[in-house]
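Engineer: Sending over a structure as structure tokens; questions will come in a sec.
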Amino acid sequence: MSLRNEFLQLIAQTSDAPMGLEMVKAEGVYIYDYQGKAYLDMISGFSVANIGHSHPQVVAAVQQQAAAYMHLIVYGEYIQQPQVAYAQLLVAHLPASLNCVYFTNSGAEATEGAMKLAKRVTKRSKIISCNQAYHGSTQGALSIMGDEYFRNAFRPLLPDISHLNYNSQSFIDAIDEQTACVVLETVQAESGIVAPSAAWLQAVRNQCTKHGALMILDEIQAGFGRTGSLWAFEQFDVVPDVLLLGKALGGGMPLGAFIADFQLMQTLTHSPVLGHITTFGGHPVSCAAGKAALEVLLQGKYIASIAAKHQLMQQLIQHPSIIAKRSIGLWMAIEFEDFSLNHAIVKRCVANGLITDWFLFNSRSLRIAPPLVISEEELKSMCTILVQSIEEVIALRPEF
Ligand code: PLP
């Protein structure tokens, strides 16, 4: 049996059309397949590889920590220096109220932990989230996912959840004395890069404060410079009560986190004790990798370079078949008239050595989220291949 057939047989599949590329190496902005073909990674493994793949400083940190120790015991028992050091670095770059870190395995687990925290802090159960929001695939996170197609087969899910439109007055009006928390993305990712108005996000913040509900901002995709600032919320002049991180947090290793004020986090220590339990959460190798990755991001002045790169992308990605472009920082959705056209362009891009995809809730839009360390030359070549791929597909119409 070929490796491809074994992959399809032995590795549980969740779609009938996996990308199915056989990759053997990744470095910087490139991923290489078994035949040595280089692909420019235009989506950073869904916003994970913000500092590129296998950065030497991250690899060194992983090797060093793996040689010292890997897993020792469940979360929170032993003092593990890599966790403490990474938490120190994170909180040094966060507002004063976000000063205590619970490290998890994944983004979904961070969502779960934060929802539980909100219930413990407020002693309430009502949770409000947004239509077209994605916060993870476990059952609590699925309950607040903003799409009935993906939720329906798994009912019953959590009770007391309302889904309302992002950027809408009804979302603000729904926040009341029964509300434990609102959970929303600072910039919606899977709806196809939709940013809120600052006034709306601030109104959400004020309404949460007024009614004692926690504001939970999910920056699992939007964090770590993707939007042009280290944290997306900085651009909207709000501070959440709880921040969710994941993806780029681990520098390529699995890691998530929910971050809040120490006093809030203390509620997880009693009644019941062990308010959230995880075996591998905050894995020392992941924490060492994540800290090294954040150091690279901060020292490399990459975030400062994003505004110019954003301009370049706006300027170079032009084609009459593009219906809309939505973007912030080094993150863009390019909308075409329908899925079949977008699908054909995505396939063409991959054939031309450019990795891209569409969005979970917006299949007409093509995803652009390259590593933030991409050079201007690489970015220009990325835009050229993309426009050329669009051109090739349009030239073949209606055969595609
Ligand atoms: N929140 C957002 C905005 C995400 O994009 C994702 C993953 O795509 C998650 C949460 C869940 O993260 P994970 O896949 O690590 O569970």
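The values are calculated or read from the model by the stated rules, or taken from the named source; none is laboratory data. For clarity, every value in this text was computed on a predicted model and none was experimentally measured. Glycine gets a Cβ as well: all are built from the backbone with ideal geometry, and neighbour counts include every protein chain shown. SASA here: full protein model, heavy atoms, side chains in, ligands and nucleic acids out. Shrake-Rupley method; radii C 1.70, N 1.55, O 1.52, S 1.80 Å.
Engineer: Filter the range 14-51 for residues that are aromatic (Phe, Trp, Tyr), more than 22 Å from the chain's Cα centre (by Cα) and either open to solvent by 70 Å² or more (accessible area, probe 1.4 Å) or under 18 Å from Ile368 (Cα atoms) (or both) and give the result. Give the derivation first.
Structural biologist: Keep residues of the range 14-51 that are aromatic (Phe, Trp, Tyr), which gives 30, 32, 34, 39, 46.
Narrowing the set further to residues that are more than 22 Å from the chain's Cα centre (by Cα) leaves 32, 34.
Result: Tyr34, single match.
Engineer: Same structure, new question: Checking Tyr75 against (1) without any contact (Cβ under 8 Å) to a residue 12 or more places away in the chain; (2) of a type in the set (Ser, Thr, Tyr); (3) in the same structural domain as Ala189 (by TED's automatic domain parsing), which test does it fail?
Structural biologist: (1)
Engineer: Any residue in the range 260-277 that is open to solvent by less than 10 Å² (accessible area, probe 1.4 Å) and under 23 Å from Leu184 (Cβ atoms)?
Structural biologist: Applying the first criterion (open to solvent by less than 10 Å² (accessible area, probe 1.4 Å)) to the range 260-277 yields 260.
When the remaining residues are screened for being under 23 Å from Leu184 (Cβ atoms), the result is 260.
Yes, the range 260-277 contains a residue that is open to solvent by less than 10 Å² (accessible area, probe 1.4 Å) and under 23 Å from Leu184 (Cβ atoms).
Engineer: Follow-up. Identify all residues within the range 386-400 that are open to solvent by 40 Å² or more (accessible area, probe 1.4 Å) and in a helix (DSSP H, G or I); write none if there are none. Show your work before the answer.
Structural biologist: Of the residues in the range 386-400, the ones open to solvent by 40 Å² or more (accessible area, probe 1.4 Å) are 388, 391-392, 394-400.
Passing the criteria: Gln388, Glu391, Glu392, Ile394, Ala395, Leu396.
Engineer: What number of residues within the range 127-161 satisfy the criterion of being among the charged types (D, E, K, R), open to solvent by 60 Å² or more (accessible area, probe 1.4 Å) and closer than 23 Å to Met215 by Cβ?
Structural biologist: Applying the first criterion (among the charged types (D, E, K, R)) to the range 127-161 yields 147-148, 151, 155, 160.
In the following step, the residues that additionally are open to solvent by 60 Å² or more (accessible area, probe 1.4 Å) were identified as 148, 155, 160.
Restricting the remaining residues to those that are closer than 23 Å to Met215 by Cβ gives 160.
Total satisfying the criteria: 1.
Engineer: Could you tell me which of the residues Ala118, Ala108 is hydrophobic (A, V, I, L, M, F, W, C), within 11 Å of the ligand (Cβ to nearest atom), in a helix (DSSP H, G or I) and in contact with a strand residue (DSSP E or B) (Cβ under 8 Å, 6 or more places away or on another chain)?
Structural biologist: Criteria check complete, one pass: Ala108.
Engineer: Going through the range 165-204 one residue at a time, which ones are surrounded by fewer than 21 Cβ atoms within 10 Å (Cβ to Cβ) and in a helix (DSSP H, G or I)?
Structural biologist: Of everything in the range 165-204, those that are surrounded by fewer than 21 Cβ atoms within 10 Å (Cβ to Cβ) and in a helix (DSSP H, G or I) turn out to be Gln169, Ser170, Ile172, Asp173, Ala198, Ala199, Trp200, Gln202, Ala203.
Engineer: Across the range 349-372, which residue is nearest to the chain's Cα centre (by Cα) among those that are over 27 Å from Ala133 (Cβ atoms) and surrounded by fewer than 21 Cβ atoms within 10 Å (Cβ to Cβ)?
Structural biologist: The qualifying residue nearest to the chain's Cα centre (by Cα) is Val350.
Engineer: For Ser54, work out the one condition from (1) hydroxyl-bearing (Ser, Thr, Tyr); (2) more than 16 Å from the ligand (Cβ to nearest atom); (3) open to solvent by less than 60 Å² (accessible area, probe 1.4 Å) it doesn't fulfil.
Structural biologist: (3)
Engineer: OK, next. Could you tell me which numbered condition Gln235 fails, if it satisfies all but one of (1) crowded, with 24+ Cβ neighbours inside 10 Å; (2) away from the ligand (no atom under 16 Å from the Cβ)?
Structural biologist: Gln235 satisfies all of (1) crowded, with 24+ Cβ neighbours inside 10 Å; (2) away from the ligand (no atom under 16 Å from the Cβ) except (1).
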